[in-house]
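A quick write-up on the structure given underneath.
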Amino acid sequence: MSRHELKLSHRRLNAECHLLRSQHKKMRLLLTSLHDGYIELYATFPLLRYGQLKTLIKKTVTSDNLEFVYSVADIANTAETNERVRLKSLLQVSKIDCNDPDIKNEIMSLTEEEPISKTKQAFRFLLKATGFDSEPIEDEDVMDNENLQRNIRTLKRDINGMYGDFKDTSAAFKLLKETYEDSKGSLFFLRYFTLKSNVRAVIHETKADTNYKID
């Protein structure tokens, strides 16, 4: 991989990690809300818990929440090796609303096939060297190839970890939704314990961020 390709890969991965981290935080808040809502059931009179448990599940697996989690998980499933395609899809999912048009345009430019030509790159380097380039120096300009490669490995690790969390949450929410629908014909007590068990499974599998603990 040439230096130009390394710099381009680093910029794309850095933008992807930034957008994905914001979406990941949003997803973790859904899990925390589910976890905390489950714990708070025990502060309620037992006969009222069934209705509150159903409300908690319906609040978690709304069509908007499912579409959000599924869409990010699908990005990882359908374009695992293509940084440009992933970034373009993630930009659409995140519906970025940036007050600085330059930053937004910069991220959008990275979704193109070749946002910065090698000729332009070389020309900018020449202008910088002669002191005539007024544009700010990019992070990649001051990194040697070894640092670029190391940062790329770190970014890929972080990105893969967050996409993995989305895949786990997507599968857990899908099962929770299906269990809720399939259990509608069950007896009251049987359905309550089925739903309760399923919510606990989601909590354990996704490891929500919370101070509450369940056994």
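The values are calculated or read from the model by the stated rules, or taken from the named source; none is laboratory data. The shown structure was predicted, so the numbers you read here are calculated from the model rather than taken from an experiment. Positions of Cβ are generated from backbone atoms using ideal geometry, with glycine treated the same way; all protein chains shown enter the neighbour counts. With ligands, DNA and RNA removed, areas are computed over all heavy atoms of the protein, side chains included. Shrake-Rupley method; radii C 1.70, N 1.55, O 1.52, S 1.80 Å.
Details
- Check: segment 1-47 dipole with +1 on Lys, Arg Cβ and -1 on Asp, Glu Cβ, in debye: 460 debye
- Per-pair calculated FRET efficiency, R0 = 41 Å: ARG200 and HIS18 via Cβ, rounded to 0.05: 0.75
- Solvent-accessible heavy-atom area per residue, rounded to whole Å², over segment 36-95 at 1.4 Å: 55 Å²
- The alpha carbon gyration tensor of segment 1-88 gives principal lengths a ≥ b ≥ c with a/c of 1.5 or higher and a/b greater than b/c, which makes the shape prolate.
- Largest to smallest in accessible area, the residues HIS204, HIS24 fall in the order HIS204, HIS24 (1.4 Å probe, all protein chains included).
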